[in-house]
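The structure appears right after this line, and notes come after that.
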Amino acid sequence: MATGRHITILGMGPSAYQRAHDIGRYIPDESELWGLNNGYLTFPGLREEKRFDRMYELHSWDYLATWDAGPDPLTGKQANHFACLEQLGCEVITGQHLPIVLHQTQIDWEGVFGHFGPPVYFLGSPSVMLAQALYEHDHGQTVEQIDSWGIDTADPSHMQQRASWAYWTRQAIARGIKFGGTALQYMREHDNDEGLSGIRDMIAERLSSRRHEGPVTDYAVASFCTDDDHYLPLMARLEAQAKSFGLEFVSTVVPVPKGKTSAQVAKHFPATMMRDLLKKAGKPILYIDADDELLARPSFPACDVGVMRNPELDCMGTHLQLAPFMFIVPGRGANAFLGYRERSMESINGHRGVNVAYTALRHPRNRHGTFIDVSQYVKGCIRYNPSPSGVRPQTLTT
C-alpha cells in the first residue's frame, strides 16, 4: 500500500540549532528536507551531504541586495548567499527571480493562495512552506506527515508568526496530515490566565482516559501482610473474595523482625514489594491492603497506572488525596511510577508515596505512560477497613 510524502521543515530556532550537531538523526531517510533562508549555515553537515531537497528564499530582492547572510563555517569567510543557494544542488523556491541561482522556481503566489480562497493570510516563510505543501497535497502529491524543527516562533522577531503557523497546521490537520517534531509545540504552552490554569490539562486527561480501549478485566488481586495472627486471617479473607470473583490472587508475607511491630513493618514495607507482586502475577494487578476487602469485581480502562480517590477525605482531615490502592500494568509506565514511589519511600510511607508519584506523573504531556484516576471504576467495589493502629474508627467503601 503506497503512502504519502513525508516532509521535514527545518528552521533555525532553538529546537533545531540545539540539535545542530546531530540534526540528521531527527530526519527520516525517506523524508523530503525543506530548509529556508540561510539555514545551510546553521547545519553545515546537511549542506555537505547535499541533504536538502528544497530551500526557500522568499524575501524580496530589494531586501536581499543589502542583506548579510553571515560567516560561512565551511570557508571561514562571509557567505555569498546566492552562490551558497546554488551550491546546495537542490530546488530553490523564490519569491522573485534571484541572481546566480540556476535551480530556482518562483512560487506561484496567486495560484497557491487563490486555491485556498480569501482571505490571503500568512506571516513568515514557514507558513508559506506549509501552504505550498497543502496546495501540492490537494493537487495529487499526497502528504502523509510533516515534521518541523526550529519553527519555534518564540523569540520577539518571530512571535508574530505563531498565529499564522497555527492557522496552517490546522488546515493540514483537517486534511488528515500528521505532524511530528516540534511542529505543534505551541499547543503545549502554559496558560497564563490564572483562572484557566490547569483546566485544559484536566480535560485532556479525561478525554485521554476515554480514548483507551477497554475494559481491562484480566488482572490479579495483590496484597501483602505480616506473619502474625491478626493479618494472616484478613489476607485469607481477601484471597477468598478475589477468587469468588474469578480473579487470581498473589501475595507476599513478611516476617516481623524482633523488636518491631506489625504496624511498623506495614507502614514502611519494602519499597520494591510492588514490583515483586507484579512479577509474581505476570499480568496487571489491583493492589489492596490485606485488611481491606473486595466487594465486587471492577473493570478498568487501559492505562499504565490507575489510582483511586482516598475515601478518608469524606470523614477526617487528611491531605492525602489518593487511597493506597492501585491498578498497575507491567511496563515502562509502571516502572516510572514505582520508581518515583520507591524514591519517596526513603523518607515517607507507601501510601504517601502513591500521592507523590501520581502528582509527579499525572500530567498528560509526560512521556512515561498514562496515569489516571480510576475511582469511578471501583466505586462500591472496595471496603476500606480501619487499621488497628490507625486513627479512623469507621469502615469506608469506595
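Below is a table of values for the structure above.
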{"read-out": "Sole exception among (1) modelled with pLDDT of 95 or more; (2) under 31 Å from the mean Cα position of the chain (by Cα) for His59, by number", "value": "(2)"}
{"read-out": "The range 274-304: number of residues that are within 26 Å of the chain's Cα centre (by Cα), surrounded by fewer than 20 Cβ atoms within 10 Å (Cβ to Cβ) and not in a loop (DSSP other than H, G, I, E, B)", "value": "1"}
{"read-out": "Cβ-Cβ under 6 Å pairs, at least 6 apart or on other chains, the range 184-201 side more than 22 Å from Gln161 (Cα to Cα), far side of a type in the set (Asp, Glu) and part of a loop (DSSP other than H, G, I, E, B)", "value": "Ser197/Asp191"}
{"read-out": "Any pair with Cβ under 8 angstrom, 6 or more apart, that starts in the range 230-243 at a residue that is in the same structural domain as Pro298 (by TED's automatic domain parsing) and under 14 Å from Pro255 (Cα atoms) and ends at one that is outside any helix (DSSP H, G or I) and charged (D, E, K, R)", "value": "Tyr231/Asp291"}
{"read-out": "Identity of the residue in the range 17-38, modelled with pLDDT of 95 or more and not in a loop (DSSP other than H, G, I, E, B), that ends up surrounded by the fewest Cβ atoms within 10 Å (Cβ to Cβ)", "value": "Glu32"}
{"read-out": "Close pairs from the range 6-35: first of a type in the set (D, E, K, R), partner crowded, with 23+ Cβ neighbours inside 10 Å, Cβ under 6 Å, at least 6 apart", "value": "Glu32/Ile7"}
{"read-out": "Pair list, Cβ < 9 Å and 6+ apart or interchain, from the range 142-155 residues that are within 20 Å of His190 (Cβ to Cβ) and in the same structural domain as Lys178 (by TED's automatic domain parsing) to residues that are assigned to a strand (DSSP E or B) and β-branched (Val, Ile, Thr)", "value": "Ile151/Ile9"}
{"read-out": "Count - residues of the range 1-16 that are part of a strand (DSSP E or B) and either crowded, with 18+ Cβ neighbours inside 10 Å or β-branched (Val, Ile, Thr) (or both)", "value": "5"}
{"read-out": "Residue tally, condition closer than 19 Å to Gln376 by Cα and basic (Lys, Arg), over the range 317-364", "value": "1"}
{"read-out": "The range 233-248: number of residues that are part of a strand (DSSP E or B) and buried (at least 18 other Cβ atoms within 10 Å of the Cβ)", "value": "0"}
{"read-out": "Residue satisfying condition, being closer than 26 Å to Ala242 by Cα and in contact with a helix residue (DSSP H, G or I) (Cβ under 6 Å, 6 or more places away or on another chain), within set Arg297, Arg352, Arg309", "value": "Arg309"}
{"read-out": "Leading residue by the ranking (surrounded by the most Cβ atoms within 10 Å (Cβ to Cβ)) among those in the range 316-337 that are in a loop (DSSP other than H, G, I, E, B) and modelled with pLDDT of 90 or more", "value": "Val329"}
{"read-out": "Criterion (of a type in the set (S, T, N, Q) and in contact with a strand residue (DSSP E or B) (Cβ under 7 Å, 6 or more places away or on another chain)) met by exactly one of Gln160, Gln145, Gln185", "value": "Gln145"}
{"read-out": "Options Thr169, Thr142, Thr66: the member that is surrounded by 15 or more Cβ atoms within 10 Å (Cβ to Cβ), among the hydroxyl-bearing types (Ser, Thr, Tyr) and over 26 Å from Lys50 (Cα atoms)", "value": "Thr169"}
{"read-out": "Tyr219 being modelled with pLDDT of 75 or more and within 31 Å of the chain's Cα centre (by Cα)", "value": "yes"}
{"read-out": "Residue match in the range 338-350 (condition: of a type outside the set (Gly, Ala, Ser), more than 24 Å from Gly198 (Cα to Cα), modelled with pLDDT of 85 or more and out of contact with any Asp or Glu (no Cβ under 9 Å at 6 or more places or on another chain))", "value": "yes"}
{"read-out": "Residue list for the range 46-75, filter: among the basic types (Lys, Arg) and touching an Asp or Glu at 6+ places or on another chain (Cβ under 9 Å)", "value": "Arg54"}
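The values are calculated or read from the model by the stated rules, or taken from the named source; none is laboratory data. Predicted model only: the values in this text are computed from it and were never measured. For neighbour counting, all protein chains shown are included, and Cβ atoms are generated from backbone atoms with ideal geometry for every residue, glycine included.
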